[in-house]
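Below: one structure, written as structure tokens.
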Amino acid sequence: MLERPPTGFYLTLAGPEGVGKTTQLAQLVQFFESEVCSANIVITKEPGATAVGRELRAILLMTDRTDIDPETEVSLFAADRSAHLREVVVPALMQGKVVISDRSVFDSFAYQGFGSRLGIEAVKAANNLAVGNCWPDLAILFDLPVEIGLARKYRQQEVNRFELKDIAYHQRVQRGFLNLARIDRGRFIIVNADQPPAGVTSEMLAKLRDWRASHKKLFLEGVN
Ligand code: ATM
């Protein structure tokens, strides 16, 4: 079983398409550098942060095929995650680093569990071996009406296999994320992404500071 090292801090960004996670990442890095400590920060993502993961990402996102069945899809994401946790996340945590990951196991619950209707238990079963005890310490969930996020994505030139799915799928994913945040309250911060980027940043940082105040032990003792 993969064990969570006692050091470091594992943070993930979650949410549906087009919520502006990339824009907020830079602000998060600044927050950690200036307010937490001189921690080394590792920025990473799922899928596709390892050699195996890059191959899997190409398969998972390609649009030149009709579809991948949900059981195969959840297994491919778990395989990517297995390599990601063992090669990137756990080694960094062992060195007391802050790991910020664009997406994580929570995305499998939302997309495959709710979007593709596999259900929470099936997603858990598919991820047991890959994740072990190494769950994110905190997830920042960016919430935005699906239509707005998808419209932003469609304006960009390339869309992936997920962005081509119908609106009902994306609505199930969004509801799934909100459900997860409700079930696992202590591990989620929900940020309203339906506002200008500066507003998203200030809401995110205010909630992060509040969360930090009530989880001091985790925040301060784990990080070098
Ligand atoms: P991005 O790296 O562009 O976020 O794309 C990865 C896609 O994979 C994303 N959908 N889109 N667009 C969400 C999807 N995904 C899952 O369906 N399950 C997962 O477990 C993960 C990590 C991502």
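Of the residues Ala213, Ala151, only one is away from the ligand (no atom under 16 Å from the Cβ), over 14 Å from Ala14 (Cβ atoms), at pLDDT below 90 and among the aliphatic types (A, V, I, L, M); which?
Ala213
Scanning segment 78-100 for residues that are surrounded by fewer than 23 Cβ atoms within 10 Å (Cβ to Cβ) and near the ligand (Cβ under 10 Å from one of its atoms) gives a single hit, Ala78. Within segment 154-187, if we keep just the residues that are part of a helix (DSSP H, G or I), touching a residue at least 60 places away in the same chain (Cβ under 8 Å) and not β-branched (Val, Ile, Thr), the residue that is surrounded by the most Cβ atoms within 10 Å (Cβ to Cβ) turns out to be Phe177. From the list Glu158, Glu163, the lone residue that is out of contact with any helix residue (DSSP H, G or I) (no Cβ under 8 Å at 6 or more places or on another chain) and at pLDDT below 95 is Glu158. Of the set (1) touching a residue at least 24 places away in the same chain (Cβ under 8 Å); (2) part of a helix (DSSP H, G or I); (3) hydrophobic (A, V, I, L, M, F, W, C), all apply to Ile59 but (1). Please go through segment 46-73 and give me each residue that is touching a helix residue (DSSP H, G or I) at 6+ places or on another chain (Cβ under 7 Å) and of a type in the set (Val, Ile, Thr), ordered by number. Answer for segment 46-73, where residues must be touching a helix residue (DSSP H, G or I) at 6+ places or on another chain (Cβ under 7 Å) and of a type in the set (Val, Ile, Thr): Thr50, Val52, Ile59.
The residue that is nearest to the ligand (Cβ to nearest atom), counting only those in segment 105-144 that are more than 23 Å from Asp166 (Cα to Cα) and assigned to a loop (DSSP other than H, G, I, E, B), is Pro136. Residues in segment 130-145 that are touching an Asp or Glu at 6+ places or on another chain (Cβ under 8 Å), of a type outside the set (Gly, Ala, Ser) and crowded, with 16+ Cβ neighbours inside 10 Å: Cys134, Asp143, Leu144.
The values are calculated or read from the model by the stated rules, or taken from the named source; none is laboratory data. Bear in mind that the values here come from a model prediction, so they are computed numbers and not experimental data. Neighbour counts are summed over all protein chains in view; Cβ atoms, including those assigned to glycine, are modelled from backbone coordinates with ideal geometry.
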